[in-house]
């Protein structure tokens, strides 16, 4: 394989330090599997050769349904080296949704772990990571020259979870994703960093984190899935320097106080959180856990790339919860709002998707003259930093006033004793909609509904205060480790209905 190649499956240089550990695979935490760059490179080529030997051809689409593992990464990269299209699939979705994705993507084969074998239709080639006649038998070791893409040929399809309807397949080219990696590389030499990845590989957050670490020539600790205690123990044991996560993962980590007090996190110099709104209270918790680390709030979308914002060109410090300043070569505008400094974020950059698979109608709804309409409401401050306010789709109207759940959540989480909050709307005959808050208290905190209502009325706009509050031990998560707003909305409507029937006033 020649390097540098513009094939996304060739996102790292195997000749630079072939004996260096690329991946510490913690599928079996007591028996970590250390995979060198040379071993990973050979496995990627062996996957590509094996798929071609099975009769698959360039352009064919190949699915992956599995917990995170080193073989999964080799399959993901090897599929693309062969000129095929890698399609990671969330196995946490309902069976009928997985079946829809398999059909919509027109898959020819599926890599899977043994637990997910039953999700693979009988007519497809299933390649089991965990059996001798599966992945191990497919591997065909030997020299291989990776397919060299032309123009904006599609490398991978990521299916967005979406709040309504079936997921949409986002077509991502080799060129778009390599541009994102090149942009990340401009931050300087990161080869001595040690990353940890625990988010699922069917999500942009994890896929770009893995590829960025490999391109940098760094090492990464790979968890099969997120587990707060294992995550914390791995950070300390393997002297991880850089964390990438979604905010909910950090909130869950912060609750493991007894364990955290026994661990040494002094190696951590960087904590990046993304894929969901970030509150100041969570930033403060993270900074107390990792006092030697710089924290940052990352922003990206599957459709328009992971690296939209970065540091200020004049070196101005980024506010704690700000997303950053537009990256060089990436344009960002705020439209549809009251001023050029507040509105819906539109983006134009080389990372843009090629469209939604089989959905020209949905593509046309979000693409305008080369610009992608994100649906995210933001404001720009006096220094040009962008701040996330909420999803346009999530906004609801309370008595004629616009309310964004993320802003109410930030307000609730400012209250001493509150660990985490998730806010959703419930219907109301008079106001149209009312905020309903699910609240997780800090250990030992004693708060009631009246206290939280009073705090939000005293410290924020009265129309936005939660009319219903439900205390929970944890917030339910979606497949991508974000609060499951669809489930919470259903539960909130049921709870509000019961309370109203019992004569409670909102």
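Nothing in this text is a laboratory measurement; each read-out follows from the coordinates by a stated rule. The structure presented is a predicted model; accordingly, all values stated were derived computationally and were not measured. Quick reminder, even Gly has a Cβ in these numbers, built from the backbone with ideal geometry, and neighbours come from all protein chains shown.
With just the Cα atoms of region 160-264, tell me how far they stretch along each of the three principal axes, in Å, largest first.
Largest to smallest, the principal-axis extents are 45, 40, 20 Å.
Would you mind calculating the relative contact order of region 317-455 from Cα pairs under 8 angstrom and at least 6 residues apart, reporting the percent as a whole number? Mind dumping the intermediate values first?
Details: 217 pairs, mean separation 22.0, N = 139.
Answer for region 317-455 is 16 percent.
For the Cα atoms of the chain, what angle does the longest principal axis make with the long axis of helix 449-459, in degrees from 0 to 90, nearest 10?
Relative to the chain, helix 449-459 is tipped by roughly 90 degrees.
Would you calculate, for the chain, the mean residue ellipticity at 222 nm contributed by helices, counting each DSSP H stretch of 4 or more residues as -39,500 (n - 2.57) and dividing by all residues, to the nearest 500? Show your work: numbers first, answer last.
Numbers: 14 runs with 143 residues, N = 506.
Rounded to the nearest 500, it is -8500 deg cm²/dmol.
If I take every Cα pair under 8 Å that is 6 or more residues apart in region 36-192, average their sequence separation and divide by the length, what percent do I get for the relative contact order? Can you show the working numbers first?
Details: 256 pairs, mean separation 37.5, N = 157.
Result for region 36-192 is 24 percent.
What's the center-to-center distance, using Cα atoms, between region 273-327 and region 197-272 in Å?
Here the answer is 16 Å between Cα centres.
Write down the percent of antiparallel bridges among all DSSP beta bridges whose residues are both part of region 36-192, to the nearest 5.
Numbers: 6 of 20 bridges.
Restricted to region 36-192, the bridges split so that about 30 percent are antiparallel.
Taking every DSSP beta bridge with both residues inside the chain, roughly what % is antiparallel (nearest 5)? If you can, show how the numbers build up before the last one.
Values: 48 of 83 bridges.
Restricted to the chain, the bridges split so that about 60 percent are antiparallel.
Rank these for me by crowding, 446, 348, 168, 20, going from fewest to most other beta carbons within 10 Å.
Details: 446 7, 348 17, 168 24, 20 13.
With the fewest neighbours first, 446, 348, 168, 20 line up as 446, 20, 348, 168.
So, by mean Cβ neighbours within 10 angstrom, what's the order for 24-34, 184-194 with the highest one leading? Write out the running numbers ahead of the final one.
Values: 24-34: 15.5, 184-194: 13.7.
Top of the packing list down: 24-34, 184-194.
Give the percent of DSSP beta bridges with both residues in region 339-492 that are antiparallel, rounded to the nearest 5. Don't jump to the answer; show the numbers that get you there.
Working: 28 of 32 bridges.
Here the share of antiparallel DSSP bridges comes out near 90 percent.
If one puts a single equal scatterer on every Cα of region 130-218 and applies the Debye formula without solvent, what log₁₀ I(q)/I(0) results at q = 0.14, 0.15, 0.22 Å⁻¹?
The Debye formula, applied to the Cα set alone, gives -0.76, -0.86, -1.19.
How many percent of all Cα-Cα pairs in region 307-350 sit more than 14 Å apart? Each step should come with its number before you reach the end.
Details: 519 of 946 pairs.
That tail contains 55 percent of the Cα-Cα pairs.
Between the alpha-carbon centers of region 102-129 and region 26-70, tell me the distance in whole angstrom.
15 Å
Once you have a ≥ b ≥ c as the square roots of the Cα gyration tensor eigenvalues for region 36-192, tell me rounded if a/c is under 1.5, and otherwise prolate or oblate according to whether a/b is larger than b/c. Write down the numbers at each step before the final one.
Details: a/c = 1.55, a/b = 1.13, b/c = 1.37.
Oblate, since a/c reaches 1.5 and b/c is not below a/b.
Taking other Cβ within 10 Å of each residue's Cβ, how do 148, 354 sort, fewest first? Provide the component values of the computation, followed by the final result.
Values: 148 13, 354 17.
Arranged by neighbour count, lowest to highest, 148, 354 become 148, 354.
Mind running the shape call on region 396-501? Use the C-alpha gyration tensor, a ≥ b ≥ c as the square roots of the eigenvalues: rounded below 1.5 for a/c, prolate if a/b tops b/c, oblate otherwise.
Rounded.
For Cα extents along the principal axes in Å, the listed values are (i) 71, 53, 50; (ii) 96, 46, 46; (iii) 76, 53, 52; which was obtained by calculation from the structure presented?
(i)
Would you mind giving the three semi-axes, in whole Å and largest first, of the ellipsoid equivalent to region 26-82 according to its Cα gyration tensor? Intermediate values should be presented prior to the final figure.
On the way: eigenvalues 110, 34, 11 Å².
Here the semi-axes work out to 23, 13, 8 Å.
Once the convex hull of the C-alpha atoms of region 360-432 is built, how many Å³ does it hold per residue, rounded to a whole number?
168 Å³
For the chain, what does the relative contact order come out to in percent, with C-alpha contacts under 8 Å and a separation of six or more?
Working: 1058 pairs, mean separation 52.9, N = 506.
Once divided by the residue count of the chain, the mean separation gives 10 percent.
Ranked highest first by average number of other Cβ atoms within 10 Å, how do 137-144, 451-458, 76-83 line up? List each step's numbers first, then the result.
On the way: 137-144: 14.2, 451-458: 16.2, 76-83: 26.9.
So the order, starting with the most tightly packed, is 76-83, 451-458, 137-144.
Can you sort 120, 210 by how many other beta carbons sit within 10 Å, fewest first? Can you show the working numbers first?
Details: 120 21, 210 25.
The fewest-first ordering by Cβ neighbours comes to 120, 210.
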